[in-house]
1. Region 244-298: which trypsin sites (Lys or Arg not before Pro) are DSSP loop and have at most 11 other beta-carbon atoms within 10 angstrom?
2. Could you state the number of Å between the C-alpha centres of region 374-405 and region 257-290?
3. What is the Cα centroid distance between region 1-51 and region 156-194, reported in whole angstrom?
4. For the chain, with every protein chain kept in place, what is the accessible area per residue (1.4 Å probe, Å²)?
5. Could you run the Karplus curve 6.51 cos²θ - 1.76 cosθ + 1.60 with θ = phi - 60° over region 335-342 and give me ³J(HN,Hα) per residue in whole Hz, x for Gly and Pro?
6. For I315 and A5 in the same chain, what is the full-extension length gain: residue separation times 0.36 nm, less their Cα-Cα distance, in nm?
7. Once label points are set 7 Å from the Cα along Cα→Cβ at both L174 and R222, what is their separation, rounded to one decimal in nm?
8. Stokes-Einstein diffusion coefficient for region 117-237 at 25 °C in a medium of 0.890 mPa s, Rh from the Kirkwood formula over Cα pairs: what value in µm²/s?
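The values are calculated or read from the model by the stated rules, or taken from the named source; none is laboratory data. Treat the numbers as computed from the prediction; the structure is a model and nothing was measured. Note that we place each Cβ from the backbone using ideal geometry, even for glycine, and neighbour counts take in every protein chain shown. Please note that ligands, DNA and RNA were not included when accessible areas were found on the heavy atoms of the full protein model with its side chains. Shrake-Rupley method; radii C 1.70, N 1.55, O 1.52, S 1.80 Å.
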Amino acid sequence: MIDRARLERRMGELARIGGTGTSVTRLGLSSEEQRARDLVGGWLAARGARVHRDPAANLWARFEPPGAGGQSLPIVVGSHLDSVPEGGRFDGALGVLCAVEAVESLLDAKSELRRPIEVVAWADEEGARFGVGLFGSTAAFGRLAANVAERHDRAGTSIADALRALGEHGDPALARRGPKEFVAYCELHIEQGPRLDQAGLALGVVDAIVGIYHARVTVRGRADHAGATVMTARADALAAAAEIVLEVERIARSRADAVGTVGEIAVRPGAKNVVPGECVFSLDLRTAHGLDSLVHDTLAAVERVTHARGVSASIDELARVSATTLDERIRGVLKRAAKSVGVDAPELTSGAGHDAQNPALAGVPTGMLFVRSTGGSHTPREFASIDDAAVGAEALAIALRELAS
Ligand SMILES: [Zn+2]
């Protein structure tokens, strides 16, 4: 059913947009991401889809089954086209490519469908540029924080500016669609960990997605002369931040399934002979159970450390997405589909955030299929073989056929 050669050819075509070798840089709301949307939209339009871009720059392509009369609600399938800086060819892209291939294979086979199918390519899933992950899907399900469009990238361009540069209005909240407009949402994605590879299996079915908290912490101390200021008279913002980083690690380690990361840190004024006066760092906390208490304990540690050291801290919460359990019926559909392509797919919890969280949290029955990836993700080493991609696309097509008929 799946046209492997077509899938493989398109994997190469898409990877060349923003790509050199196996490395891809296709940031959200950039011209590269738009070129990727144009490429994918062109494939789908050529097969008769009604293609449009919404005000948050998500690409939608709707296939109407003959005879449905435009009345029936669609099944949505897709993933994202953006990458992190110097990311790989598969994270997000494989989900869009397999969604396109799955739908085309159903068209090729003249499968009788009762419901429309919409392919979606979410904009700016990674949040690498503006710090707002799952941007497009969050907008589509009406979950954007207020004033999010005013957030700037490092060059001073706001989300609203970036949308206007693409030809949109600049208000991503206009992309909102009601959860009642969809019957189901399915997403295929590379697994971003080693579990499928270790188990020797091509596919897994996601049972839940961890809850995620993102914040920016600013610690304010006092900049002073590094030679003239005795150790007892300092308010060193970096020393306080360093202690907080270790607390983040300790707290996450003390919980069975939690992870905590400080991946970005900036020191001001940033000179070797000046006691650091200010320190800004990122905070990334994740767990499938008890996100709020993990956040609470971590912020209490920030308070404790800064108080003890005579510095202050402010916390800018960027995102808090609860842990999400995916729909049991769709999980069953995906497991049966995997079985029919010869894979006894295990259920896995996703430690990474996914666009699928937004429809799921909005009440749309949602399912996710993982495809084995070697070399992790968010790196040029990430890799899904064409064999695994084809098996994934085939399973996705079988699931779509069941859901849409
Ligand atoms: Zn992704």
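1. K272
2. If we compute the Cα centre of each part, the gap is 35 Å.
3. With region 1-51 and region 156-194 each reduced to a Cα centre, they are spaced 17 Å.
4. 42 Å²
5. Working through the residues one at a time gives 5, 5, 5, 5, 4, 6, 9, x Hz.
6. Going from the current span to full extension adds 106.6 nm.
7. 5.1 nm
8. Reported coefficient: 132 µm²/s.
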